[in-house]
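Data first, discussion second: the structure below is written as structure tokens.
Every number in this text was worked out from the coordinates using simple rules, so none of it is lab data. All values reported here derive from a predicted model rather than from experimental measurement. All Cβ positions, even for glycine, are placed from backbone atoms using ideal geometry, and neighbour counts span all protein chains on display.
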Amino acid sequence: MQAHKLDFRNKNHLEQITMGERLVTAADSMPTEHKQKVTRLEDLRAHTAAARASHLRIATLRAELKSEITHRNTHLANLRTAATGTAQGISLVTKYDPAAMQAAGLELAKQTRTPVGLPDAPTNLRAVPTDNEGEAQLRWQRTLRRCAFEIQWHTDPPAADHWQHEDTSFPQKCLVKGLVSGAKYWFRVRATNAHGASAWSQLASVRVK
């Protein structure tokens with residue numbers, strides 16, 4: 001008498017489910033009088049179907065988990081960027097006063113070196129028009145790592161007074177909107193930190209679309 005071989009060893013979950021489904025299919029194809037004598041067939045059918053449904057559910061949950069992890073990591077990256085900007089803003093408005101910064105919820109880093117002092121003026125200021133009407137993109141280079149930047153503009157010749165404050169930026173760039181289409185603008189930038197403000201950068205001009 002030939003013995004059957006049914007080896008679940010080293011089979012993954014899907015392979016085990018497939019083996020159960022093949023046995024159910026084989027039993028269902030037998031004549032009724034033989035099929036009725038097969039023991040535990042209905043148990044096998046129920047557990048195989050349940051295992052298949054659970055396997056599909058797990059695959060769905062894994063996909064959802066992977067997607068949610070991606071969403072969480074994106075939110076965390078945006079959180080870190082926003083938190084850095086908020087902390088720099090708090091530092092700026094509190095004039096880097098340690099007590100005021102701590103009162104606002106900032107944890108102060110231990111000072112490991114002598115303060116760097118007053119920043120130098122930003123360098124390589126560039127202004128270019130964008131593809132949109134009334135916009136200009138400014139970029140420059142910092143001379144000190146920890147500082148904010150004040151941006152001003154003027155429509156008259158650069159020797160004129162009454163420069164207009166545009167924005168305070170922490171990155172080394174600024175998108176200026178709401179300008180008059182076709183007009184020429186002059187821009188300047190200076191760096192600020194706890195020790196004060198630098199001199200103004202060289203001027204950059206652009207004619208916006």
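Things worth noting here:
- Spin-label model, H195 to R57: label points 7 Å out along the Cα-to-beta-carbon direction sit 6.5 nm apart.
- Checking every one of the trypsin sites (Lys or Arg not before Pro) in the range 1-91 against DSSP loop status and a limit of 14 other Cβ atoms within 10 Å picks out K5, R9, K11, K37, R40.
- Note on A77 and H162: their simple-model spin labels are 4.6 nm apart, each label 7 Å out from Cα toward Cβ.
- Extreme residue, positive dipole direction of the chain, given options H71, T32, G85 (C-beta unit charges): T32
- Calculated mean residue ellipticity, 222 nm, the chain: -13000 deg cm²/dmol, from DSSP H runs (n ≥ 4) at -39500 (n - 2.57) each, averaged per residue and rounded to 500.
- Partner lysines for K110 [C-alpha distance under 22 Å; skip if fewer than 8 residues away on the same chain]: K95
- The chain: most fluctuating residue of L108, L125, L44 per GNM, C-alpha cutoff 10 Å: L44
- Partner lysines whose Cα lies under 27 Å from the Cα of K66, excluding those fewer than 8 positions away in the same chain, are identified as K11.
- Answer label for Cα extents along the principal axes in Å (calculated), chosen among (i) 52, 41, 30; (ii) 107, 48, 27; (iii) 52, 40, 34: (ii)
- A Förster radius of 25 Å combined with the Cβ-Cβ distance from K110 to T84 puts the calculated FRET efficiency at roughly 0.85.
- Between D131 and Q202, the modelled labels are 3.0 nm apart [label points 7 Å from Cα along Cα→Cβ].
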